[in-house]
Structures are given as C-alpha cells and as structure tokens.
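First up is the structure itself, then whatever we jot down about it.
The values are calculated or read from the model by the stated rules, or taken from the named source; none is laboratory data. On a predicted model such as this, the values are computed, not experimentally measured, just so you know. Note that we place each Cβ from the backbone using ideal geometry, even for glycine, and neighbour counts take in every protein chain shown. All accessible areas refer to the heavy atoms of the entire protein, side chains included, with ligands and DNA or RNA removed. Shrake-Rupley method; radii C 1.70, N 1.55, O 1.52, S 1.80 Å.
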Amino acid sequence: VLNIDSMFDELSQLDANGVDYHGRLKISTRAQLVSQIQIEADGALIEAEAAGNDTAIGTTRRGIGPTYASKALRIGLRAGDLADWTSFQEKYHYFVDRFQWHFPTPAVQNFDRQAELDKLRQLYEKFNGSGDRMLVDSVDYMHDALQDTSKRIIAEGANATMLDMDFGTYPYVTSSSTTIGGVCTGLGLPPQSVETTIAI
C-alpha cells in the first residue's frame, strides 16, 4: 500500500539533500492507495477498541488495515488509477461512497472528500508531468529485470513472520504477508526465482 502524500514528503527531503532519484523511483500501478478516509477509520477503530476492550490490538494509525480491507472488498484505489484523472474521480467517489457504507463512524461519515481530491489532483500532476515514468506495470518490470543477467533483485521486508496475516500471532498481526511468500504475491515473482533468504 502507498500513501502518496507521505511519499512526496519523503522525496522533498531527498531534494533538500541533493539526492537525485529522478528516473530511479518506480511505483507499481497495482499498489493500493492509502486515503485520508482510511486513516480516519483507523483512528476511529482504535478509539472504539480502547473504550470497550482492554486487549486492544492497536495500530500505527496510518490507515494500513482499512486500506487492505478496501482491497479485499474490491473497492480500493490503485496507483494505476491515477493515469487518467476523469476516470480516477469516478472511481474515487465510488470508493468513498462504499467505504462510508462499510465504516459508519462519525469521522468517516463527515469526511471531506473534495479536500482530498484537490490534493490528489496536485499529486496526479506530479505523477504524470515529471517525465520520470514513475508508474510501471510491476509484473513486466520485475520480469524484465529477471531476464537481465546484469541485475539482481533485492526485496526487503519490514515486518517479521509473527506479524504475518496468516502465519503470525493472529489477531495481533499486520494486514499483509510478511513472510518470504510475500515476495511472490507482492512482486509477482515466481517462487523459483528466490535464491537467498536472510532473516534477522
């Protein structure tokens, strides 16, 4: 999942330090976008847990769980949707309508969609006006790299096995596949292409 707003904040830090990432940063068209409404829902869920349950799971309040929930509900927005602004707006309004139906909390119901759309419009222009071709079909991109003997692919996982959605200490887990299997499902790489696994 990808919070585009946070990503551009981080890129501005690279700009400030003279790090040139142009043409080097690639984003999968399949990456799910984190919306502010999902962050609002995350916060509301935490507050509800805290009010009535002393064994609350807790989250980072970054909207990750609700974003994966949207993906599973097949209502989520993907980075590739930003290739066409007219189409994206239609998908965005459908997403918000459905999300509000699934998460009927005050913060979600009172969400200001126009404010986010205005910000997303600016980000859309950055995506499509830089000439960097940030958005790529990750399956094609990764398989081209596999065929290039001069390249190696390194995949880094931020969470450990016990936080894996399926194999971790459920329900005290994250929302994705954090084991080596996530390399195959997340990047679209065949299992036989994994040569070395290092766990710390």
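For this structure, a couple of remarks:
- Scanning region 14-35 for residues that are under 25 Å from SER138 (Cβ atoms) and assigned to a helix (DSSP H, G or I) yields a total of 2.
- Residue in region 12-23 that is touching a Phe, Trp or Tyr at 6+ places or on another chain (Cβ under 9 Å), on the phi < 0 side of the Ramachandran plot and either modelled with pLDDT of 90 or more or not hydrophobic (A, V, I, L, M, F, W, C) (or both) present: yes
- The sole residue among GLU125, GLU90, GLU116 that is in contact (Cβ under 8 Å) with a residue 60 or more places away in the chain and charged (D, E, K, R) is GLU116.
- The set of residues in region 74-114 being of a type in the set (Val, Ile, Thr) and touching a Gly at 6+ places or on another chain (Cβ under 8 Å) is empty.
- Enumerated helices (runs of 4 or more DSSP H) restricted to region 87-200, each holding at least 3 residues that are on the phi > 0 side of the Ramachandran plot and within 20 Å of the chain's Cα centre (by Cα): none
- When residues of region 145-167 are limited to those that are within 17 Å of ILE64 (Cα to Cα) and modelled with pLDDT of 90 or more, the one most open to solvent (accessible area, probe 1.4 Å): ASP166
- With respect to (1) in a helix (DSSP H, G or I); (2) surrounded by 14 or more Cβ atoms within 10 Å (Cβ to Cβ); (3) at pLDDT below 95, the lone exception for LYS71 is condition (3).
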